[in-house]
1. Would you check if there is a residue in segment B:74-83 being away from ligand 2 (no atom under 16 Å from the Cβ), in contact (Cβ under 8 Å) with a residue 12 or more places away in the chain, open to solvent by less than 20 Å² (accessible area, probe 1.4 Å) and not aromatic (Phe, Trp, Tyr)?
2. If a residue counts only when it is more than 14 Å from chain B (Cβ to nearest Cβ), which strands (runs of 3 or more DSSP E) contained entirely in segment A:22-112 have at least 3 such residues?
3. Would you be able to tell me the number of residues in segment B:1-17 that are in a strand (DSSP E or B) and away from ligand 2 (no atom under 16 Å from the Cβ)?
4. Looking at (1) open to solvent by 20 Å² or more (accessible area, probe 1.4 Å); (2) in contact (Cβ under 8 Å) with a residue 40 or more places away in the chain; (3) assigned to a helix (DSSP H, G or I), which one does B:Glu290 not meet, given that it meets all the others?
5. Within segment B:121-180, how many residues are open to solvent by 60 Å² or more (accessible area, probe 1.4 Å), touching a Lys or Arg at 6+ places or on another chain (Cβ under 8 Å) and within 16 Å of ligand 1 (Cβ to nearest atom)?
6. Just to be sure I understand, how many residues within segment B:197-220 are charged (D, E, K, R), open to solvent by 20 Å² or more (accessible area, probe 1.4 Å) and part of a loop (DSSP other than H, G, I, E, B)?
7. For segment A:117-127, which positions are away from chain B (no Cβ under 13 Å), under 16 Å from the mean Cα position of the chain (by Cα) and not small (Gly, Ala, Ser)?
8. If you scan segment A:55-91, which residues turn out to be farther than 16 Å from A:Leu36 by Cβ and open to solvent by 80 Å² or more (accessible area, probe 1.4 Å)?
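The values are calculated or read from the model by the stated rules, or taken from the named source; none is laboratory data. Everything numeric in this text was worked out from a predicted model, so none of it was measured. Every residue, glycine among them, receives a Cβ derived from its backbone with ideal geometry; neighbour counts consider all protein chains shown. The area values use the complete protein model at the heavy-atom level, side chains included, leaving out ligands, DNA and RNA. Shrake-Rupley method; radii C 1.70, N 1.55, O 1.52, S 1.80 Å.
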Amino acid sequence: MPRRSPGSTQDFEDVHTRVATRVRGLRPRPERPHLLEVVDGPGKGTRFRLEAALYEMGRGANVSLQLDSDEVSRLHARLTRADGEYTVEDAHSRNGVLLNGLRVHAAVLRDGDELQLGDVVLKYLEGT
Amino acid sequence: MSSEDLFVRFWGVRGSIPTPGPRTRRYGGNTSCVEVRAGKTLLVFDAGTGLRELGVHLGRSTDSPVTVHLFLSHPHWDHIQGFPFFGPAYESSTTIYVYGPRGDDKHYQLLSGQMSNAYFPVRFSELGARILARSFKGTSVDAGDATVHLFEQKHPGGSLGFRVEYAGKSVVFSTDNELDQLLLDKQAAFESPDELRKLPKELLKPVQDADLLIADAQYADDEYAQRVGWGHPRANTVVDLAAQAGVRRLALTHHDPMHSDREIDVVVSEAELRARRLGFEDLEIFGAREGVTLKI
Ligand SMILES: [Zn+2]
Ligand SMILES: [Zn+2]
């Protein structure tokens, strides 16, 4: 808001900065993690809390997000986090990665997305 | 990643103007920009606001010099506005080829013109990258390892469509194209909208048998009557084009800024239903969405 000061010049207060620091929602608060829930196929009901920057998804013994199905490749896909968002990427799997029914090579995930790896269907639920 | 691979990534799928906010979060609010990777060659179609994020991504993912083959459908704002914010354009190690029709560097001039004087603080001439205008020889050009063919489209002021060929695969980028103005029987599409809308042969040719067609599909049928001549087609007409030309996958894009994610879902599912009803079972249809990469 322009304010007349004595003399002929105008001063502009930085209203945005001042007000923004008082907005409640901007206070840091604990984040709720994103989730992947198996909603169909083997392991139905299993929930994975996503906290790490990288997950390897597959049926292999040494992956960090294990899916117990023969239709899933040993290393099927990778999940990586950037700017608080997870991206799924097909790791040369045999049966591919479907995002809401569409075969994709990779995708940034959004709340409510359904991922299908082999016969395992996972729902992505965004935290806050 | 084999050198024969062809990838397509959507960086901006919105038409007309960016639409940030929760209503459009899933499909995304950035304007027109598509990345095509043909082996090691990087092609970019349109420089809408999605281009900024591609620039951020390139900055994080590679240390080696970037070469971009940039194709612009036309110079409306939603197709050029990301360019001044494209990080690699400020790097001296970057090379950007801006393609245009033979004997016409209009695209290059308009891209640079938006960075003049009052519009933007940095001059085009102050950008660090080597930015060069390149012309098509006739209707095709070799861009790195890929071949790109151009075709003219129906849009106020004109627009260009592009077909990329690489390793036996093909992707067509066709946005801002009012196909409905070119139908063999325009009236029939209003009177019996469920019938197949026939298009002239010369329109089928550039998209014939494409592995992927990325096409402007801005309007639902019931919206179009109020928007005739605005330069965009009915989504259902694009379905008919793809079906008649034997396209394998169809990505609907240039989403209307008024359309929320749910409304785009409706346009897409109506399009799918139409294809099935008309007997085109093999045509796969989906809504282009930011952050999605397809392997062709
Ligand atoms: Zn446009
Ligand atoms: Zn336009």
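1. No.
2. Result: A:34-40, A:47-50, A:54-58.
3. Of the residues in that region, 6 qualify.
4. Status for B:Glu290: all satisfied but (3).
5. Number of matching residues: 0.
6. The number of residues fulfilling the criteria is 3.
7. Selection gives A:Leu122, A:Lys123, A:Leu125.
8. The answer is A:Ala61, A:Asn62, A:Asp70, A:Glu71, A:Arg74, A:Asp83.
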